[in-house]
Amino acid sequence: MSGLMDIFINRIDEILTLTWQHIYITIGAVGLGALVAIPFGIWLAGRKQIAKYILGIAGTIQTIPSLAFFGIAFPILGIGLLPAMTVLFMYAIFPILRNTYTGISEVDPALIEAGRGMGMSNWELLIMVKLPMALPVIMNGIKISTIYIVSWATVAALIGAGGLGDLIFGGITMVDINLIIAGTIPASLLALALGFILNRVEKAVTPRGLGG
């Protein structure tokens, strides 16, 4: 335990820097994933025949081990932030895409018909009815994606992207359990903190009467 405390005391600046890198990688990958997945999920919700195939392909990508994906990206994109963000972006897409599709698809048809009866266009229905009702489900997908990416981002250290994986893999190389734990604890706390924040946001955007 004293060895672990020594690492936190003597390497606090490094740990904070790596934590910030980890946050940057995570938010960047999830943000880019959301920018792609949310519009695509909305589009798929109106095309249910092809949606099952697209979601199946996206789900298959999700099952590829992250280490293998980074290994594939390395010879193509080199080392550093670009290949790491590319791989993590692809992993971030599926939970958000699936939840966006589900959220939009499960909006009560009666609400949609009521909107049409009021003369709303398809665009107005999307903005004023479908998205507000689907937003809690979409936020849940973003939360799931974020927690996953915090974990997978540790592997990005293998291709020089930085983050808390540097400490973990440094500890593995040096056979230093304290160094491994010094990287694992901040990563776990980061996942918990981001999950808590996004859970609060999810509850905030849930229409009254729909919350648990």
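The values are calculated or read from the model by the stated rules, or taken from the named source; none is laboratory data. Keep in mind that this is a model prediction, so the values were computed, not measured. Here the Cβ is made from the backbone with ideal geometry for all residues, glycine too, and neighbour counts use every protein chain on show.
Odds and ends about this structure:
- Each residue in segment 104-121 was checked for being closer than 13 Å to A134 by Cα, part of a loop (DSSP other than H, G, I, E, B) and not acidic (D, E), and 1 pass.
- Evaluation of V129 against (1) in contact with a Gly (Cβ under 9 Å, 6 or more places away or on another chain); (2) farther than 28 Å from L179 by Cα; (3) free of Cβ contacts under 8 Å to residues at least 12 places away in the same chain (one fails), failing number: (3)
- Test: residue in segment 44-66 that is free of Cβ contacts under 8 Å to residues at least 24 places away in the same chain, over 17 Å from the mean Cα position of the chain (by Cα), over 30 Å from K130 (Cβ atoms) and assigned to a helix (DSSP H, G or I): no
- Residue count, segment 8-43 (criterion: more than 14 Å from I93 (Cβ to Cβ), exposed (fewer than 15 other Cβ atoms within 10 Å of the Cβ) and within 12 Å of the chain's Cα centre (by Cα)): 1
- Among the residues of segment 166-184, those identified as in contact (Cβ under 8 Å) with a residue 24 or more places away in the chain and small (G, A, S) are A182, G183.
- Test: residue in segment 99-113 that is without any contact (Cβ under 8 Å) to a residue 60 or more places away in the chain, closer than 17 Å to A29 by Cβ and not hydroxyl-bearing (S, T, Y): yes
- Where a residue in segment 197-208 is under 20 Å from I27 (Cβ atoms) and its partner, wherever it lies, is among the basic types (K, R), with Cβ under 8 Å and at least six apart: L198/K143; N199/K143; E202/K143
- Tally of residues being free of Cβ contacts under 8 Å to residues at least 40 places away in the same chain and more than 20 Å from I23 (Cβ to Cβ) across segment 79-93: 0
- Some residue of segment 22-37 being in contact (Cβ under 8 Å) with a residue 12 or more places away in the chain and over 25 Å from S188 (Cβ atoms): yes
- Check on A156, buried (at least 21 other Cβ atoms within 10 Å of the Cβ) and at pLDDT below 90: yes
- Unmet criterion (only one of (1) at pLDDT below 90; (2) crowded, with 18+ Cβ neighbours inside 10 Å; (3) under 27 Å from I64 (Cα atoms); (4) not polar (S, T, N, Q)) for G170: (2)
- Residue among L189, L126 that is part of a helix (DSSP H, G or I) and touching a helix residue (DSSP H, G or I) at 6+ places or on another chain (Cβ under 8 Å): L126
- Test: residue in segment 91-102 that is among the aliphatic types (A, V, I, L, M), within 18 Å of G165 (Cβ to Cβ) and crowded, with 20+ Cβ neighbours inside 10 Å: yes
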